[in-house]
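In what follows, a single structure is set out as structure tokens and then discussed.
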Amino acid sequence: MERKTKIHAEDNRQELTITRDFDLPLALLFKAYEEPGIVEQWMGTRVLKLENRKHGSYQFETTDPMGNKHGFNGTIHEFIPNRRITRTFEMENTPFPVQLEFLEFEELSAGNSRLVMKIVFKTPGDRDQLLKLPFAQGINMAHNRLQKVMSEDRE
Amino acid sequence: MNLRRDVFQAIADPTRRAILLLVASQSMTAGAIAANFDTARPTVSKHVQILTECQLLEQEQNGREIYYHLNANKLKEIADFIEPFRKMWDDRFNTLEAVMKNYQAGK
């Protein structure tokens, strides 16, 4: 089966590309990035601020299962409806440097659209670190599950 | 050469990916691999060497010939490394798609 979401990350480069084809008209796909209430729904985050214009900025906040709050923010450099968003992205209180994101929206047919998201990092190492994050989290989760099973076993 | 050889560096190159595809179906000698490319034979040999150094290819001696075959376990290591990141975005975009389909239906 053809995968809907693809990651392209060449070695020793400080960029990666995420490509996704949606079973949605272009205008609806773009709206998912434009309206704060909708962003909150699919990203699972609180939208504290979202100024969709050049020189605008945004601020998101998520709460993890432990109740800790995590802040994200960035500056919007380009906002062209149904075409392009260029922005920075920063994870607050983490060692990750700010990254630059180019989002290109494209119509494939009346009911299908594509998003190409190119992310540029400070260094190739920073990119690899971010790529590994879900991998590491997966290992941690497996480890925690194992620990939980083991401790329940002892009780 | 004192370059660090890792699997990610190895698969970054299109010729090396083509070599991996080629030997995926059957073991081949370096000469047989090179015969599939327009590139000069020493260049292909260099690619084979890099793939061998990072363990994506394994050598096996058969009489006077050395055959190369794919080390599937090593390949799986790479696939698994990016897969959780891809899956995370895939899940996120699936949610986006579902939310927008609801939105469309509700209008």
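Just so it is clear, none of the values below were taken in a lab; they were calculated from the coordinates. Note that the structure is predicted; figures quoted are calculated from it, not measured. No Cβ is skipped: glycine too gets one built from the backbone with ideal geometry, and neighbour counts run over all protein chains shown.
Positive end of the dipole of chain A, charges at C-beta (+1 Lys, Arg; -1 Asp, Glu), about the Cα centre: which of A:Pro95, A:Ala9, A:Gly74 has its Cα farthest in that direction? Farthest towards the positive end: A:Gly74. List the trypsin sites (Lys or Arg not before Pro) within the stretch A:34-128 that DSSP assigns to loop and that have no more than 13 neighbouring Cβ atoms inside 10 Å. Counting only loop positions with at most 13 other Cβ atoms within 10 Å, the trypsin sites (Lys or Arg not before Pro) in the stretch A:34-128 are A:Arg53, A:Lys54, A:Lys122. Under a model in which nothing but the beta-carbon of Lys, Arg (+1) and Asp, Glu (-1) is charged, the stretch B:28-107 shows a dipole of about 320 debye around its Cα centre.
Ordering B:Leu70, B:Ala10, B:Ile82 by the projection of their Cα atoms onto the charge dipole of chain B, which places +1 on the Cβ of Lys and Arg and -1 on the Cβ of Asp and Glu, puts B:Ile82 at the extreme positive end. Taking the Cα centre of the stretch B:1-70 as the origin, how large is its charge dipole in debye, to the nearest 20, when only Lys and Arg (+1) and Asp and Glu (-1) carry charge on their Cβ atoms? Approximately 160 debye in magnitude.
Taking only the alpha-carbon positions of the stretch A:1-104 and ignoring solvent, what does the Debye formula give for the base-10 log of I(q)/I(0) at q = 0.10, 0.13, 0.19 Å⁻¹? These q points yield log10 I(q)/I(0) values of -0.33, -0.56, -1.17.
Based on Cα contacts under 8 Å between residues 6+ apart, chain B shows a relative contact order of 25 percent. Ratio of Rg to Rh for the stretch B:1-70: 0.94 [Cα atoms; Kirkwood radius as inverse mean 1/r over pairs]. For A:Lys6 and A:Gln59, the difference between the fully extended length at 0.36 nm per residue and the C-alpha to C-alpha distance is 16.4 nm.
Excluding same-chain neighbours fewer than eight residues apart, the aspartates and glutamates reachable from A:Lys54 by a Cα-Cα span under 15 Å are A:Glu34, A:Glu78, A:Glu101.
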